[in-house]
Amino acid sequence: MHNQKMIKPHINQHIWLLLIGIVIILGVFLRIHVLENTVIDSPIRADAHDYFHYTKNMVEHQTYSRKAASSPTPDALREPGYPFFAYFFYDANAERFVAKVLTAQTIIQCLAFLLLTIVLYQTLGGIYTFFVSLLLWTFPHFITVNTYFLTESLFLSLITMILVFSALLSKVRTNKQNLYVYLVLGVLIGITTLVRPSFQYFALFYLVMLFVWERKANYQVILCVLVALLPSLLWGIRNMMALGEWSDSTLMINGLYHGSFPMFMYNNDPSTFGFPYRFDPLASEVYQGVSHTLGIIYNKAINSPAEYLQWYLAGKQMFLWQWDIIAGQGDVFIYPTLASPYYYEDGIAYFTHSVNKTIHVFWMLLSFAGLAVIFYRMWKQQLNTNPFIFMAASIFLYAILIHIIVAPFPRYGIPFKVCALIICVYTIKRAIEWTTKRSA
């Protein structure tokens, strides 16, 4: 009888591992299927156009420039992370070049998600990992971002790797090993900052959060933060040498200004939805500088304080975390998409899309509730959670706070949803454990 009791947990464990393996295979299949059968209308457009020419000019002219010219001049509009990634796959044939990059970022995402799934299994156990894996591997937004020559896919993979390495902090046994993990985390955070500039303040934010959590910050954490800041420092030095200025403030101005229109409309006019700045007569003035832009936003907010307060504290989060992409095609598509497996009603992709869309709002709301509980209990020192969950919660909270300031386009929230997923399932696990303990 005793042997039978010992065998049963192992059988259950193997069943969950088998189910998780099936989910992973499904996720890999969906990524290959969607990548091979998606057709984008003019894929090298808008932001993708800039990334394409940055890479092309680095290879052909040894100049970091987004200009399509025979003698391009250097600039610093966009961070160099994604163009440097694409650099390794450059091909003179544009179509072949783009295909190589899209394939590479899809493979990297699969590997990153595989490592994350292993970490989740070790942290949450079989049953919870199975359910979070279903969402992680089939979530349509995570899959479709691989089909664009844009930063979202690489940014998502880097955030995933930050989570994976943060999990090692609970497994190392010596201070030396702990230091090595923090150094790798610093490098990953630094590289991620060069892919998505809105992440540039996370290293300092993480330091503050650790101090709040542990009421102290050891030298290993401080070293991690310093390493994380180094890539941005080197990029700033490059800009000073090449351009005579530390950075190009255009994107910061865009982020502040584009995010200042309540409900993404100009004067509440539905016909301006998604692109309100195109209808604002003050649009030409904002590029006089960040301070001037803030002045314009301040004057608007003073005239309608209640509307702007509601927008900045609640409305922005509603848009950032919603399902439908705006300022793009809509649904899960950024650029106009002529063909996609998600269009075919009789396919597995369409089925997973429908299921995910139905439950999306529920797990997002649960993740917000879980985040609030986690940090409340940490603040009260009632919860000693592990570094992996802490990192996921910190990144999730950072995304919420930074997009109170800048434009909350739903596209920008996609990579951060991997953290929201983890917090959601962790919350369910803790709630069930608490309920079971109370009823025992």
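The values are calculated or read from the model by the stated rules, or taken from the named source; none is laboratory data. This is a predicted model, so every value here is computed, not measured. Glycine also receives a Cβ, built like all others from the backbone with ideal geometry; neighbour counts cover every protein chain displayed.
Quick notes
- Residue list for the range 279-306, filter: acidic (Asp, Glu) and either at pLDDT 95 or above or touching a Phe, Trp or Tyr at 6+ places or on another chain (Cβ under 7 Å) (or both): Asp280
- Yes/no for Gly81 being at positive phi and in contact with a Phe, Trp or Tyr (Cβ under 9 Å, 6 or more places away or on another chain): no
- Residue match in the range 144-164 (condition: assigned to a helix (DSSP H, G or I), β-branched (Val, Ile, Thr), closer than 23 Å to Phe89 by Cα and in contact with a strand residue (DSSP E or B) (Cβ under 9 Å, 6 or more places away or on another chain)): yes
- So Phe375, is it surrounded by 15 or more Cβ atoms within 10 Å (Cβ to Cβ) and free of Cβ contacts under 8 Å to residues at least 24 places away in the same chain: yes
- Residue check, Ile25 of a type in the set (A, V, I, L, M) and buried (at least 17 other Cβ atoms within 10 Å of the Cβ): no
- Of all positions in the range 351-360, at least one carries a residue that is in contact (Cβ under 8 Å) with a residue 24 or more places away in the chain, of a type in the set (Ser, Thr, Tyr), crowded, with 21+ Cβ neighbours inside 10 Å and assigned to a helix (DSSP H, G or I).
- When the range 305-317 is filtered for residues that are touching a residue at least 40 places away in the same chain (Cβ under 8 Å) and either of a type in the set (A, V, I, L, M, F, W, C) or within 16 Å of Tyr266 (Cβ to Cβ) (or both), the ones remaining, listed by number, are Glu307, Tyr308, Trp311, Leu313, Gly315.
- Each residue in the range 262-305 was checked for being of a type in the set (Phe, Trp, Tyr) and part of a loop (DSSP other than H, G, I, E, B), and 2 of them qualify.
- Criterion (under 29 Å from Phe319 (Cα atoms) and either in a helix (DSSP H, G or I) or at pLDDT below 90 (or both)) met by exactly one of Ile237, Ile253: Ile253
- Residue list for the range 43-88, filter: within 20 Å of Gln200 (Cα to Cα) and in a helix (DSSP H, G or I): Asp47, Tyr51, Gly81, Tyr82, Pro83, Phe84, Phe85
- Taking residues in the range 188-207 that are farther than 11 Å from Leu230 by Cα and at pLDDT below 95, and partners anywhere that are assigned to a loop (DSSP other than H, G, I, E, B) and small (Gly, Ala, Ser), the pairs with Cβ atoms closer than 9 Å and at least 6 places apart or on different chains are Pro197/Ser247; Leu207/Ala217.
- The lone criterion from (1) within 22 Å of Ile374 (Cα to Cα); (2) of a type in the set (A, V, I, L, M); (3) free of Cβ contacts under 8 Å to residues at least 60 places away in the same chain; (4) buried (at least 21 other Cβ atoms within 10 Å of the Cβ) left unmet by Ile162 is number (3).
- Of the residues making up the range 251-296, those that are of a type in the set (A, V, I, L, M, F, W, C) and over 24 Å from Gly328 (Cβ atoms) number 4.
- Residue within the range 121-143 that is more than 30 Å from Asn12 (Cβ to Cβ) and outside any helix (DSSP H, G or I) present: no
- Residues that are free of Cβ contacts under 8 Å to residues at least 24 places away in the same chain, in contact with an Asp or Glu (Cβ under 9 Å, 6 or more places away or on another chain) and within 24 Å of Gly190 (Cα to Cα) within the range 64-92 comprise Ser65, Arg66, listed in sequence order.
- All of Ser340, Ser367 fail the test of being over 21 Å from the mean Cα position of the chain (by Cα), crowded, with 16+ Cβ neighbours inside 10 Å, within 30 Å of Asn254 (Cβ to Cβ) and at pLDDT 95 or above, apart from Ser340.
- When restricted to residues that are in contact with a Ser or Thr (Cβ under 8 Å, 6 or more places away or on another chain) and either hydroxyl-bearing (Ser, Thr, Tyr) or in a loop (DSSP other than H, G, I, E, B) (or both), the range 366-420 contains 4.
- Set Gly289, Gly330: member being on the phi > 0 side of the Ramachandran plot and touching a residue at least 40 places away in the same chain (Cβ under 8 Å): Gly289
- Count - residues of the range 274-301 that are more than 14 Å from Asn254 (Cβ to Cβ) and not aliphatic (A, V, I, L, M): 8
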